[in-house]
Amino acid sequence: MDTRHLIGPLALACSVCVAVAPAEPPLQPLVLDRGASGVALALRKVGLSVRVLWVSAHPDDEDNALLVRLSRGLGVRTALFSETRGEGGQNAIGPELFEALGVLRTAELEAVHRYDGAEQYFGRAYEFGYSFSVEETLAQWGREETLGDIVRILRLFRPDVVITLPPEGTGGGQHHEAVGRLTVEAFRAAADPGRFPGQRQQGLRPWQARKLYQGWVGGFEGESGSVHVQTGIYDPVLGMTWRQLGSRARAMHRCQGTSQLVADPGPSESLLRLLDSEPKVTVAETDILDGVDTSLTGIARFAPRAGLDGDLEALQAKASAARAAFDARNPAAAARALAEDLTAVRSLLAALDGRVPDPGDRAEVADRLREEEADVETALVRAEGLELDAFADDGLVVPGQEVGVRASVANGAGRPADVVALELTAPSGWTVRRGGGAAGDDPDRARFTVTVAADARPTQPYWRKEKDHDRNALLVPADDSLPWGPPALVAQARLRLAGVETTLRAPVAWRYEGPFVGGEKRHEVQVVPAVSVRVSPEITSVPLASVRKPVEVRVFARGLARGASEATLRLEAPSGWTVDPASAPVRFGHEGEEAAAAFRVTPPPALRPGPLALRAVAVRDGREYRETVQAVAYEHIEREQLLRPAETRVLVLDVRAAPGAAVGYVMGSGDAVADAIRQLGVPVTLLSADDLRFGDLSRFTTIVTGIRAYETREDLRESQARLAKWVEAGGHLVVQYNRAAFNRVSPDDPTPPEGTPSPYAPYPAFVTSGRITDEDAPVRILVPDHPLLTTPNRIGPADWEGWVQERGIQLLAARDPRYQELLAATDPFPYNPGEKRGMLVDAAVGKGTWTYVGLVLFREVPAGVPGGWRLLANLVSRPGGQILK
């Protein structure tokens, strides 16, 4: 299809899409969404009625260059649906794992879409980790529940074109194939009123999309159904090609280690394959929009007997006139034509009750017309250069607190804005009082005093993982499919522009300074409890051999209410345990101050192995607080938070660590292993760059490198020669898993040919992408009497029970007889055949030893898996030079 008619005189550009329920604008829109470029991009959506939905398994599955081409380049309403939030992945930038990682990746997708312009929706499957089996994936997620998620988004978003992942494949990552297969089925099931009838009660009507494509594909070029979509087109409004902007969008997936380099200019394309269509496509296609009526006149197909053709043709003409009126040197020149267009759209919407008698037909027509109304409204507001800002004087508010908000309407074009009303909306139970401050009665600005409801729910994800099921339960069902719940406070300005009334909305934001590009960050006003409580350590071990030894638990409380206040801290222990002191008073001098108290917890004389919990409580003004507010905040995302219980998990287990052991730890991208070593009673020193280069390493019996440390620590790479000498002199170096960067001198170096020895292994070896994904896969011990498997804890079958997510990742390919392979395991999946080694590899180096650990101890230790702790104790207990001869 020749798509140039979608662009018209605007020479290729697009705006942020309108959600099913109107989405709030981003807190900090990109420069390209302002001024003349912002108007040009908004106008690309005016006069179109077409929707494209990409259905994926995880964050980062999307083709961002294609999304940019559709949304920003052509003005197509485009959305991404991710079945999971990526909870089971790795984290290249910080310590967040599991649920917290899902929050981080959700926030990153929002950052992605600031660039590619797509909307975002989510399913309810919980990513349980890498999988080599579609059958395992659907068993863990629930086949019908996951199919229902996809059917639901098809009925909610009602796309004309659907793109999904390959439904067939013989490699890893079978979550992709599972989603691809279910999307093929959902394409037809969404149109069947007999499938998932309960969705009808949510107001979701059956829907048949026009076409279904498979994206991210290759190997079938020239076959029937293949479509080449060009994404290397230079867009003068964006100032770059669609692929280049797509690469900037993709760079926001930072926790997944995506490249921060912008793609080179020049030709590029996305290759797609037609999987299904209704009616059947019988001719070769040149574009995925071929055969799809993208015009406003095409809306008549939803009510063919209503006689709307003439009205829609008139709307199409007005949209064309508005687009033709655009002048980059005077964006406001398009305002009058846009106002006329907006009036006509609203007039037809108001007449639908009498023109379209069938409720279903009327709903379809109204849905598309409201979308056009929102697009025209956005273009009109941008043409007039209007912006609404709303800032609070506190970003974290507690129930019952008063917070001030100032809102203002600014006209960048320098013309006065005709403001009809400037208002603030808040949740039920909150109160909003207007007045105060210097704003006075100025219609362009106002101040408000907001009182947060006494029972206001803290800001946190509306979903939570179900126990023993890889699905997310909905704590707030009304928010289903959305990235987050709606903002608590929203400013609203009703304006009169070129003779028509329109409305601007903006979430109330908190502005703060930081070491960021531009020096300013914003986040929505978030509700927090008056006291956030956390504990250290969050998990500890109590060896059965020394159960009478007290455990020290430190309880930290942060006052989040304004002003000074007092609280009492205590630690609740299981029956038979004693806590000293029974409680401890603390005082907060100001909002945000943290106070702490230490408690000595003594176990009873007799204990059974197993998990227990010590729960921290803060009492303030007669109310108990038992949760930690965990902030997920990085430069490239807006701050988000989740609440979790403030507790120390205690593992009573048969574990020993060798006396006299001392560990130096090189922290990588973030893990809890160093703290676990400390809980085993082994002294741990976190090694700085200065320690690695100049410190006395002879004081350590073992040095452990954290996960992906060779990728994230330049000082570690540069100190490799010094570490090697320390090992040769009798030290024990434990290297936890690394990715492909371990195989290069520098992470910035080109990827070497497969099999090239790592510069950081003592003998020829390299890290692979091999893994054992079944956490219950039987483990074969290859060297039963090896010290790492016997001393001081003999590792047996029970130590491989209860593991979470997987056994090992990034396994080492040892290519020298001086290495000893200690373990082997086999996945039960045909797509990961054969026995795998490289999970635990040992080598003598001079008088010392070098050990590679592909076992996922970084997951097992915080998950409280006893075998993970016992293996860790053995790894750090070994004296230098102790290797089986």
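The values are calculated or read from the model by the stated rules, or taken from the named source; none is laboratory data. Since this is a predicted model, take the numbers as computed values, not measurements. FYI the Cβ positions are ideal-geometry reconstructions off the backbone, even for glycines, and counts take in every protein chain you see.
Of the strands (runs of 3 or more DSSP E) lying entirely inside segment 48-141, the ones with 1 or more residues being within 22 Å of I233 (Cα to Cα) are found at 51-56, 77-82. Residues that are out of contact with any helix residue (DSSP H, G or I) (no Cβ under 7 Å at 6 or more places or on another chain), farther than 23 Å from A498 by Cβ and either at pLDDT 95 or above or small (G, A, S) (or both) within segment 305-324 comprise G307, G310, listed in sequence order.
Is there a residue in segment 617-632 that is buried (at least 19 other Cβ atoms within 10 Å of the Cβ) and not in a strand (DSSP E or B)? Checked against the condition, which is being buried (at least 19 other Cβ atoms within 10 Å of the Cβ) and not in a strand (DSSP E or B), segment 617-632 yields no hits at all. Restrict the check to segment 681-702 and report whether at least one residue is within 32 Å of the chain's Cα centre (by Cα), outside the structural domain of M252 (by TED's automatic domain parsing) and in contact (Cβ under 8 Å) with a residue 60 or more places away in the chain. No. Per the listing R780, R739, R794, the residue uniquely surrounded by fewer than 21 Cβ atoms within 10 Å (Cβ to Cβ), of a type in the set (K, R) and over 37 Å from the mean Cα position of the chain (by Cα) is R794.
Within segment 263-282, restricting attention to residues that are under 27 Å from the mean Cα position of the chain (by Cα) and in a strand (DSSP E or B), which residue is farthest from I163 (Cα to Cα)?
So in segment 263-282, the residues under 27 Å from the mean Cα position of the chain (by Cα) come out as 263-264, 269-272.
From the residues that got through so far, the ones that are in a strand (DSSP E or B) too are 269-272.
Values: E269: 15, S270: 12, L271: 11, L272: 8 Å.
Residue satisfying both the conditions and the ranking: E269.
When H253 is tested against (1) under 29 Å from L30 (Cα atoms); (2) within 36 Å of the chain's Cα centre (by Cα); (3) outside the structural domain of L70 (by TED's automatic domain parsing), just one condition goes unmet, and that condition is (3).
Consider V184 carefully, then state whether it is modelled with pLDDT of 95 or more, touching a strand residue (DSSP E or B) at 6+ places or on another chain (Cβ under 9 Å) and either of a type in the set (F, W, Y) or surrounded by fewer than 24 Cβ atoms within 10 Å (Cβ to Cβ) (or both). Break it down into steps so the answer makes sense when it comes.
Details: modelled with pLDDT of 95 or more: yes; touching a strand residue (DSSP E or B) at 6+ places or on another chain (Cβ under 9 Å): yes; either of a type in the set (F, W, Y) or surrounded by fewer than 24 Cβ atoms within 10 Å (Cβ to Cβ) (or both): yes.
Considered against the rule, which asks whether it is modelled with pLDDT of 95 or more, touching a strand residue (DSSP E or B) at 6+ places or on another chain (Cβ under 9 Å) and either of a type in the set (F, W, Y) or surrounded by fewer than 24 Cβ atoms within 10 Å (Cβ to Cβ) (or both), V184 comes out as yes.
A single entry from V783, V734 fulfils the requirement of being closer than 30 Å to L651 by Cα, among the β-branched types (V, I, T) and not in a strand (DSSP E or B): V783. Restricted to segment 547-557, and to residues there that are outside any loop (DSSP other than H, G, I, E, B) and touching a residue at least 60 places away in the same chain (Cβ under 8 Å), the residue that is farthest from the chain's Cα centre (by Cα) is V551. A single entry from D375, D389, D361, D394 fulfils the requirement of being assigned to a loop (DSSP other than H, G, I, E, B) and among the charged types (D, E, K, R): D394.
Residues of segment 446-468 that are more than 22 Å from the chain's Cα centre (by Cα) and hydrophobic (A, V, I, L, M, F, W, C): A446, F448, V450, V452, A453, A454, A456. Filtering S583, S541, S536, S532 for residues that are among the polar types (S, T, N, Q) and over 35 Å from the mean Cα position of the chain (by Cα) leaves a single hit, S583. Tell me whether segment 336-352 contains one or more residues that are more than 20 Å from T503 (Cα to Cα) and in a helix (DSSP H, G or I). Yes, there is a match, as at least one residue in segment 336-352 is more than 20 Å from T503 (Cα to Cα) and in a helix (DSSP H, G or I).
Test A332 against the stated conditions and say whether it is in a helix (DSSP H, G or I), of a type in the set (A, V, I, L, M), surrounded by fewer than 23 Cβ atoms within 10 Å (Cβ to Cβ) and out of contact with any Leu (no Cβ under 7 Å at 6 or more places or on another chain). Against the criterion (in a helix (DSSP H, G or I), of a type in the set (A, V, I, L, M), surrounded by fewer than 23 Cβ atoms within 10 Å (Cβ to Cβ) and out of contact with any Leu (no Cβ under 7 Å at 6 or more places or on another chain)), A332 qualifies. Would it be correct to say that G670 is outside the structural domain of P550 (by TED's automatic domain parsing) and either assigned to a loop (DSSP other than H, G, I, E, B) or at pLDDT below 95 (or both)? Yes; evaluated as a whole, the condition is true for this residue. Taking segment 737-755 as the range and being touching a residue at least 24 places away in the same chain (Cβ under 8 Å) and either among the β-branched types (V, I, T) or part of a helix (DSSP H, G or I) (or both) as the test, the residues that pass are A740, A741, F742, N743, V745.
One residue stands out in segment 649-667 among those that are assigned to a strand (DSSP E or B) and among the aliphatic types (A, V, I, L, M): the one that is surrounded by the fewest Cβ atoms within 10 Å (Cβ to Cβ), namely V652. Would it be correct to say that L147 is among the aliphatic types (A, V, I, L, M) and touching a Pro at 6+ places or on another chain (Cβ under 7 Å)? The answer is no for L147.
E313: surrounded by fewer than 21 Cβ atoms within 10 Å (Cβ to Cβ) and more than 40 Å from the chain's Cα centre (by Cα), yes or no?
Values: surrounded by fewer than 21 Cβ atoms within 10 Å (Cβ to Cβ): yes; more than 40 Å from the chain's Cα centre (by Cα): yes.
Answer is yes for this residue.
Figure legend. Inter-residue proximity from segment 142-160: first residues in the same structural domain as P206 (by TED's automatic domain parsing) and within 13 Å of A125 (Cβ to Cβ), second residues at pLDDT 95 or above and of a type in the set (S, T, Y), beta-carbon distance below 6 Å, spacing 6+ or different chains. Indicated pairs: I150/T183; I153/Y121. Checked against (1) part of a strand (DSSP E or B); (2) of a type outside the set (K, R); (3) within 21 Å of P399 (Cα to Cα); (4) in contact with an Asp or Glu (Cβ under 8 Å, 6 or more places away or on another chain), A567 passes all but a single condition, namely (4). With respect to (1) modelled with pLDDT under 95; (2) closer than 30 Å to A606 by Cα; (3) in contact with a strand residue (DSSP E or B) (Cβ under 8 Å, 6 or more places away or on another chain); (4) not hydrophobic (A, V, I, L, M, F, W, C), the lone exception for K521 is condition (2).
Pick from segment 477-493 the residues that are among the aliphatic types (A, V, I, L, M) and closer than 17 Å to V452 by Cα: which of them is surrounded by the fewest Cβ atoms within 10 Å (Cβ to Cβ)? Going through the qualifying residues, I end up with V490.
Within segment 636-648, is even one residue under 29 Å from A798 (Cα atoms), crowded, with 18+ Cβ neighbours inside 10 Å, touching a residue at least 12 places away in the same chain (Cβ under 8 Å) and not assigned by TED's automatic domain parsing to the domain that holds R105? Within segment 636-648 (the criterion being under 29 Å from A798 (Cα atoms), crowded, with 18+ Cβ neighbours inside 10 Å, touching a residue at least 12 places away in the same chain (Cβ under 8 Å) and not assigned by TED's automatic domain parsing to the domain that holds R105), the answer is yes, since at least one residue qualifies.
For segment 592-603, give me each residue that is buried (at least 18 other Cβ atoms within 10 Å of the Cβ) and either within 17 Å of A530 (Cβ to Cβ) or at pLDDT 95 or above (or both).
First pass over segment 592-603, keeping only residues buried (at least 18 other Cβ atoms within 10 Å of the Cβ): 595, 597, 599, 601, 603.
Scanning segment 592-603 gives A595, A597, F599, V601.
Checking each residue of segment 104-113 against the condition of being outside the structural domain of Q810 (by TED's automatic domain parsing), free of Cβ contacts under 8 Å to residues at least 60 places away in the same chain and surrounded by 24 or more Cβ atoms within 10 Å (Cβ to Cβ) gives no match. Here segment 799-821 is the region considered, the condition is being under 15 Å from L872 (Cα atoms) and of a type outside the set (K, R), and the residue that is surrounded by the most Cβ atoms within 10 Å (Cβ to Cβ) is G808.
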